[in-house]
Amino acid sequence: MTDSATGETDDLRPSKSERKRQMLALQEMGERLVSLSLSDLDRINIPDERLKEAVKTARGITAHGGLKRQLQYIGKLMRSTDTAPIEAGLAMLDQQHAVSTANFHRVEAARDRLQHEGDAALGEILATWPAAEASLLRQWIRQHPKEIQRGKEKTHARKLFRYLSELDAAASVGD
């Protein structure tokens, strides 16, 4: 289509489908905000006070229809709000979650290696966490078969996991 007065085409505006995709993306971002814990929500910079209140209100709604309407309202408010700080905050939370998950898996793998390989894995553990007490880890390795016989393997493994997690956290702070 051509505007007869200016001679420009209407191709400069996004299509109706594209606008709908954008609105759904904003509504999904709003759903994600609603699903966050209060502490995580407070860490995100939400520039519009009405949007903050709408998100907090949605957290208290239990009726499915009411929650759906509130989420649509949040999407509507987000259309008139600068979403860059919100996107940055959500990306920061995603990054922190990924780092936390990687740390968890690293500690879990170290614990499993100590359980299955014993002294053979000790050198790598001490190389990874130089602050680890070798005598404590050797004691754990010696006690592990006894704990299996007593049926206390999980408790014993949790203690080791906690110890390795503390070492990992201390090493992360030191970096």
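We did not get these values from a lab; they are worked out from the coordinates using the rules stated. Source: prediction; values computed, not measured. Don't worry about glycine lacking a Cβ; one is built from the backbone with ideal geometry, like all the others, and counts go over all protein chains shown.
Where does the chain land on the Kirkwood hydrodynamic radius, alpha-carbon pairs, in angstrom? Its Kirkwood hydrodynamic radius stands at 20.8 Å. Note on R158/R113: beta-carbon distance plugged into 1/(1 + (r/R0)^6) with R0 of 22 Å gives a FRET efficiency of 0.85.
Gain on full extension, evaluated as 0.36 nm per residue between E28 and V173 minus their Cα-Cα distance, stands at 48.7 nm. Of the residues A88, L136, T155, the one whose Cα sits farthest toward the positive end of the charge dipole of the chain, with +1 on the Cβ of Lys and Arg and -1 on the Cβ of Asp and Glu, is T155. When you restrict to C-alpha pairs under 8 Å that are six or more residues apart and normalise by the size of the chain, the relative contact order lands at 18 percent. Residue-wise HN-Hα couplings along the range 31-36, as the Karplus relation 6.51 cos²θ - 1.76 cosθ + 1.60 with θ = phi - 60° gives them from phi, are 4, 5, 4, 5, 7, 6 Hz; Gly and Pro carry x. Let's test the formula: R0 of 41 Å, r as the Cβ-Cβ distance of R142 and A98. What FRET efficiency results, to the nearest 0.05? The formula returns an efficiency of 0.70 here. Spacing of the modelled spin labels on R43 and R106, each 7 Å from Cα toward Cβ, amounts to 1.8 nm.
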